[in-house]
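First comes the structure, then the notes that go with it.
Readers should treat all values here as calculations from the given coordinates under stated rules, not as data from a laboratory. Computed from a predicted structure; not experimentally measured. So basically every Cβ, Gly included, is an ideal-geometry build from the backbone, and we count neighbours across all protein chains shown.
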Amino acid sequence: MQSTIHVLSDPNVDVHAPAKTYYTTGNNAGGSISRLQTFKANDKNKAQKFLIDVKETQRILVEQEDTDGDFQITVNDLGPKSFSVGTADSGGYRRIEIRGTYMLSNLLQELALADDFGRKHIVLDEARLNENPVDRLSRMIRHNFWDGLTRRIDAEGLEIICADTKNRSADHNPRIYIPFAEDEIFEYYKKVAESRSHLKLQVERLPEEITPDYVKSINDRPGILALAMRKEYDLVNKEHVWRGIPFVVPGGRFNEMYGWDSYFETLGLLIDDRTELAQGMVDNFVYQIKHYGKILNANRSYYLCRSQPPFLTDMALRVYKKLDGSTTSKKLANLAWLANVFQAAIKEYNQVWMAEPRYDKKTGLSRFRPEGLGIPPETEASHFDHVIEPFAKRAGLSILEYMEYYNNGTIKEPQLDEYFLHDRAVRESGHDTTYRYEKVCANLATIDLNSLLYKYETDIADTIDLLFDGELSFTENATLIKHCSQEWRQRAAIRKERINTYLWNEEKSLYFDFDTVLERQTNYESVTTFWAMWAKCASIEQAEKMVKHSLHKFEALGGLVSGTEESRGITSLDRPNRQWDFPFGWAPHQIMAWQAFENYGKKEIAERVSYRWLYTITKSFVDFNGVVPEKYDVVGMTHKVQVEYGNVGVDFKYVPREGFGWMNASYQIGLSLISTKMRRALGTCTHPDLFFEKTLKTTKSPEEISRRLRRRKSAEAAARKITHNGQITAAITRIGSNSGNSQQSHAMSINNSDMLFLELTEPYQQGTNKF
C-alpha cells in the first residue's frame, strides 16, 4: 500500500535558511505531520512548495539532465531542461514543471543537502530554486563554504588535514612534524598516535635549526607541520584538553594553511562576522614565525624554506578592529594580543625580508629569494620533465634517473641550480607560474613585495603612535628592545624613495620590477602595479597617471587581468600559457586593486571593476551548478581554462561545498563595495557592458570607445559559438526583478515586462514561449 505524506504549513520557517536549519526544522524536521492541505484552484499564483522523494528524484533528475556524466547540471548538458515535481498542497498529485539550468541545478543541490541530513522526503520551497543568485551564493559562502574549508590540527582534525594529494612519495602514512621546543605538544601527539592506532600516525620532532639540507632530507617522508593549540575544558570528560586553533584552507588539493591566501580569506571571514576564526588565522601565523622562522608558503614539511607575500600587520589590524572591546579588561587584552602579533611581524620583517638572501644591499629593496635544494617535490610528476630532459639526454639517463641523481647530489648541475632557485622564488611570490618571473624571479625587486613591506613599515609606525603612545617595547633574548614610530616612518620614507628610483617608470606611468643582477627594469606590465596604491606608497600624481594611462591595459570584460597580452608574449605548444598571465584574473589582484582605487578617492572605478568580477563569478555560478573556482579567464569569460594545474574547485558531486578560499572572500568583499543598483543588476546577470553602456556613450576617449567595442564583439563571438553560429536559438537562465531580490520562476512566460536581461547560454524550446 502506498503511504500518504501529510504536509502542514509552517510560516515560521525561513525559506532561505541555511541547509542545517532548513532541513532539520518545520516540515523537514522528521516525524509525522498531522494534516493534509488541499490544493485550491485560486492558489495558482502563490509561492509553491514541492513534495519530493529525495533519492528517487535525484536518480531520475541526474539520469535525465546530467548528459555529460559529471554529477552536475550545467549549460553544457543536453537534457530537456524541464523536470516535473509534485506540489506539497496536493499531496504530490498535481505536478509543476521546473525549467532551466539554474533552477534544475539548484534542485540537484538541495536534494544533496537534504540527503546530508538524512531526509528521505522533503517539502521544498520553490523560493529555494529561483532564489536571487547573488543572495544564494553569498548565503552559501557564509553558512556552508567557510565551514567546509575550516580545519583544525588536533586529535579530532588530523585525519582530514593529513590528506595530501600533492604527496608523490612512496610513503603515504600520515605524519606530523612538531617544533623542537614544543615538548608538551610532542607528547600530546605521541599519545594521539597510540590511542588512535588506526590512523598510523607518525610523529617526528624538527631539529632546533631547520636547514635546506634537512628539508631536502625529509622530502621522501612529507608531513603536516603543527600549528597553534590551546587548552580548553572538556565538559564531558571534566578535564582540560588540547584543541587546535582553527584555520581556513584554500580548498581542493590545497588542504593546508597557505600564506597569502589566508590574508584574503581573513578579509572574507570578517565581512561574514567570523571574527574568532579570523583571529585564529592570525594566531597561527604568529606560531609559524615563532617556531618556523617565517610565515610559511604553507604548513607542509616541503614548504619549510619558503615564505609568501607578507600581509600580517594589515591582517592583524583588521581583526583587532572587530574584536569585542566592550569592557576595559577586554580592551587591554586586545591591545596585548595586538602587541604580541606586531612583535612577531617585526621579527619576520627583520629576519626574513630585511636579511640576505632576500634583501638586496645595493638597491635597499627586497626580493623573493628563498633558500632550498633540489626539485620542488609538491608539483605534478611531469611538471619539470621539459626542463630535465635535455640534461638527462646528455647524461644518457632517463628523466626519472637524472632527477634522482640530481636530488641526492650525485649529479651537480649549476644551470639547474639556477633554474630551481628562480622556480622556488616564483612559488614564494605566490604567482606560480608566470612569464613575468620565469628564470629571473629570485633576482627581482618586485613592486608587489616592496609595496607590502612599505605597508608593514607604515602600519607599525601608525600603530605605535595611535595605540601604544609612541613606543612599543619587547623583550628579546633577555634584552629590552624599544620601537618608536619615527624609526619606522624613516624606514618607510627610505623604501618609498627607492621604489620611486628603481621601480617607477615615468614614461609608461607604471611600476615595474627591477632586476638587481642586470641592474635594469623589466618590461612586464603587471596589475600588481596598483599595489603601490593599496599600500598608499604612490603619490597622488603617480596614482592619477596609472589610472589614466594604464588601467585600460588591465580592465577586461570580467575583471582585471593579471598582466597584458603584450607582456605575456606569443603562446604555442612549445611556449604554453601560464596561469598568472593574460588572460587570467585572480581574486587577490581584484581585492587589492579595489582597495587601491578607494584609497585615492576613485570609488567609481572600484565599483566598476568589482562589478565586472562579481558578474564573472555570478554568471558561472548560475550556469555551472554553483561552481566557484580558483581563477577565471576574464577575457574569454570562462572558468574552463586550459592551463597548468587546471582549475581547482570545479570537481564536486551534486553540490559545491567549499568554493575556493580567496574567491569566496572576493565575492563577499565585492558585494560590500557595490551600490544597491549594481547588486540588483548583478542579481539579473546584467552584462557589464550593458550596465555601463551609459558610460560608454558619454566617454570622450576614442581609445576607450574602441576598446569597449572590441570587448563587446568578443562577447558576441562567444555567443555565436554557443549557438553554433545561430543554428540554435538560445536563451537562458532568465532572471527578472518583479519580486524584489527574488529570481523569477522558469515556469513563467517570457512575455514578462519586468524581465531585465537575457544572456545566451542554453537552447530555447522550439514551439513554446517558455525557457
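Kindly write out, for the range 437-445 in residue order, the coupling ³J(HN,Hα) from the Karplus curve 6.51 cos²θ - 1.76 cosθ + 1.60 (θ = phi - 60°), rounded to whole Hz, with x marking Gly and Pro.
Coupling constants for the range 437-445: 10, 4, 6, 8, 4, 5, 8, 9, 8 Hz.
So, R0 is 35 Å and r is the distance between the beta-carbons of residue 549 and residue 467; what FRET efficiency does that work out to, to 0.05?
0.35
Using only Cα atoms, find the angle between the long axis of helix 447-467 and the longest principal axis of the chain, and express it within 0 to 90 degrees, rounded to the nearest 10.
Its long axis makes an angle of about 90 degrees.
How much length would be gained if the chain were fully extended between residue 599 and residue 230, taking 0.36 nm per residue of separation minus their Cα-Cα distance, in nm to one decimal?
Separation in residues times 0.36 nm, less the Cα-Cα distance, equals 129.1 nm.
Give the distance, in whole Å, between the Cα centre of the range 229-249 and the Cα centre of the range 327-386.
28 Å
Between residue 676 and residue 60, what is the FRET efficiency for a Förster distance of 35 Å, r being their Cβ-Cβ separation, to the nearest 0.05?
Efficiency at R0 = 35 Å is approximately 0.30.
Which entries of 294/536; 290/496; 536/631; 216/496; 166/331 have Cα-Cα distances beyond 31 Å here? Display every interim value, and only then the final one.
Numbers: 294/536 25 Å; 290/496 29 Å; 536/631 27 Å; 216/496 37 Å; 166/331 43 Å.
Flagged as over cut-off: 216/496; 166/331.
Determine, for 628, 62, 249, the number of other Cβ atoms within 10 Å of each Cβ, and report the residues in order from fewest to most.
62, 249, 628
Return, for the Cα atoms of the chain, the radius of gyration and Dmax in Å, separated by a comma.
Gyration radius and largest Cα-Cα distance of the chain: 27.8, 87 Å.
Can you give me the angle between helix 259-271 and the longest principal axis of the chain, using Cα atoms only, in degrees from 0 to 90, rounded to the nearest 10?
Between helix and principal axis, roughly 50 degrees.
Using Cβ counts within 10 Å as a stand-in for footprinting exposure, how do 618, 564, 101 rank, fewest first?
The order, fewest Cβ neighbours first, is 564, 618, 101.
Would you calculate the separation in nanometres between label points at residue 385 and residue 501, each defined as 7 Å from the Cα along the Cα-to-beta-carbon direction?
Taking the simple label geometry, residue 385 and residue 501 are separated by 4.8 nm.
Mind giving me the FRET efficiency for residue 482 and residue 355? R0 is 22 Å, r the Cβ-Cβ distance, nearest 0.05 is fine.
On the way: r = 21 Å, r/R0 = 0.95.
Result of the calculation: an efficiency of 0.60.
With label points built 7 Å along Cα→Cβ from the Cα atoms of residue 493 and residue 328, find their separation and express it in nm.
With each label placed 7 Å out from Cα toward Cβ, I get 3.8 nm.
Hey, quick one: spin label on residue 515, modelled 7 Å out along Cα-Cβ, who in the range 546-585 has an amide N within reach, i.e. under 18 Å?
567-570
Quick one: order 319, 517 by neighbouring beta-carbon count within 10 Å, fewest to most.
517, 319
Gap in Å between the Cα centre of the range 56-117 and the Cα centre of the range 144-211?
Between the Cα centres of the range 144-211 and the range 56-117 lies a distance of 41 Å.
Mind running the shape call on the range 385-441? Use the C-alpha gyration tensor, a ≥ b ≥ c as the square roots of the eigenvalues: rounded below 1.5 for a/c, prolate if a/b tops b/c, oblate otherwise.
Details: a/c = 2.55, a/b = 2.09, b/c = 1.22.
Prolate, since a/c reaches 1.5 and a/b exceeds b/c.
Where does helix 540-554 land angle-wise versus the long Cα axis of the chain, in degrees 0 to 90, nearest 10?
Relative to the chain, helix 540-554 is tipped by roughly 60 degrees.
For the pair residue 94 and residue 71, how long in nm is the line joining their label points, each one 7 Å along Cα→Cβ?
3.7 nm
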